[in-house]
Amino acid sequence: MTKTYLDLSQLGMRFPTPKGEFVALKGVNLQVKKGEFISLIGHSGCGKSTVLNLVAGLLMPTDGGVIVDGKEVDGPGPERAVVFQNHSLLPWLTVYQNVELAVKQVNKGKSKAEIREQVEHYLNLIQMQHAASKKPDEISGGMKQRVGIARALALQPKVLLMDEPFGALDALTRAHLQDALMQIQAELNNTVIMITHDVDEAVLLSDRIVMMSNGPAATIGQILPIELARPRNRVDLADDANYQHCRQEVLRFLYEKHSHGQVKSNQSNNGAAVMLAKQA
Ligand SMILES: Nc1ncnc2c1ncn2[C@@H]1O[C@H](COP(=O)(O)OP(=O)(O)O)[C@@H](O)[C@H]1O
Ligand SMILES: [Mg+2]
């Protein structure tokens, strides 16, 4: 038995608002093992980004807490890297320099040659060596997202937190990055929590899919283990009965048990705005 790496216990978040307290999350309990890949899925505004924020330490919970590798989260830390949907690369630095910044952060005191070797390793991993000297505005959205992922991986995080990392990408780029992520995660054994709206993406990538109920006072409604052998191949899985079954379970949860109802217009992006504001 591997021990729990990431422990969310009785996690709750109440936001102060002009109309009084808003209970976004209540009683969220989740234990994640080292190397596990977890997807968080749920309707817009249910609190997925808030959960990720709390694990990242960008938000402090009003109830309960998060423990990473035996230590309570009390702020952001290098053992937890976050990948945002809108790839926050530094525009005045090249691809190489963006990755180098992260490498230097965890390799203080190493020689120039060692730093270079590391940067090249991560560029290789995302197949971006050819564009190392380009600036972010000279490369495509998918490439930027890849660099964002490389930069996060270069921090050698115990925990990789991703908020809809592929949400804004076209289907082909998305598939390519999903495959790259599966390979990288198999190699590095990071513990991953990824928010997604894409049911196929969740089933393909995850060891477990955590499905959240709608807010207010959102919580975990169901956890679905995905027992599909790895490495996984999207083409083979397309007519795999177990894959289809998992897919249906998630769809059933989302559209039968917890159908959406009405959404308040400001709901979906608040959490992301908070994260970006705090990161800037
Ligand atoms: N800073 C905040 N102040 C008040 N309400 C917030 C704040 N951040 C998020 N919320 C609310 O908490 C709920 C969950 O938001 P969020 O975690 O962004 O949802 P999701 O990522 O699932 O779309 C939403 O109703 C949202 O409006
Ligand atoms: Mg969100």
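The values are calculated or read from the model by the stated rules, or taken from the named source; none is laboratory data. Being a predicted model, the structure only gives us computed values, none of them experimental. Note: ideal-geometry Cβ built from the backbone for every residue, glycine included; neighbour counts use all protein chains shown. The protein model used for the area step is the full one, side chains on, heavy atoms only, and it has no ligands, DNA or RNA in it. Shrake-Rupley method; radii C 1.70, N 1.55, O 1.52, S 1.80 Å.
Descriptive notes on the structure:
- Of the residues making up region 75-128, those that are open to solvent by less than 90 Å² (accessible area, probe 1.4 Å), part of a helix (DSSP H, G or I) and of a type outside the set (Phe, Trp, Tyr) number 19.
- Check on residue 104, of a type in the set (Lys, Arg) and farther than 26 Å from residue 206 by Cα: yes
- Selected residue (criterion: nearest to ligand 2 (Cβ to nearest atom)) from residues of region 188-203 that are part of a helix (DSSP H, G or I) and open to solvent by 10 Å² or more (accessible area, probe 1.4 Å): 199
- Count - residues of region 37-64 that are outside any strand (DSSP E or B), near ligand 1 (Cβ under 9 Å from one of its atoms) and within 28 Å of residue 232 (Cβ to Cβ): 8
- Any hit, region 94-106, residues being among the charged types (D, E, K, R) and touching a helix residue (DSSP H, G or I) at 6+ places or on another chain (Cβ under 9 Å): yes
- Here residue 27 meets each of (1) within 16 Å of ligand 2 (Cβ to nearest atom); (2) in a strand (DSSP E or B); (3) surrounded by fewer than 24 Cβ atoms within 10 Å (Cβ to Cβ) with one exception, condition (1).
- Per the conditions (1) surrounded by fewer than 16 Cβ atoms within 10 Å (Cβ to Cβ); (2) in contact with a strand residue (DSSP E or B) (Cβ under 6 Å, 6 or more places away or on another chain); (3) small (Gly, Ala, Ser), the sole criterion not satisfied by residue 56 is (1).
- Qualifying residue in region 187-200 (condition: at pLDDT below 90 and at negative phi): yes
- Selection from region 65-74 of residues that are open to solvent by 20 Å² or more (accessible area, probe 1.4 Å), under 27 Å from residue 16 (Cβ atoms) and outside any loop (DSSP other than H, G, I, E, B): 67, 72
- Flag for residue 29 being among the polar types (S, T, N, Q) and over 23 Å from residue 222 (Cα atoms): no
- Positions within region 204-233 being surrounded by 19 or more Cβ atoms within 10 Å (Cβ to Cβ) and either without any contact (Cβ under 8 Å) to a residue 12 or more places away in the chain or part of a strand (DSSP E or B) (or both), in sequence order: 209, 210, 211, 212, 218, 220, 224
- Boolean, residue 145 is closer than 21 Å to residue 84 by Cβ and open to solvent by 10 Å² or more (accessible area, probe 1.4 Å): no
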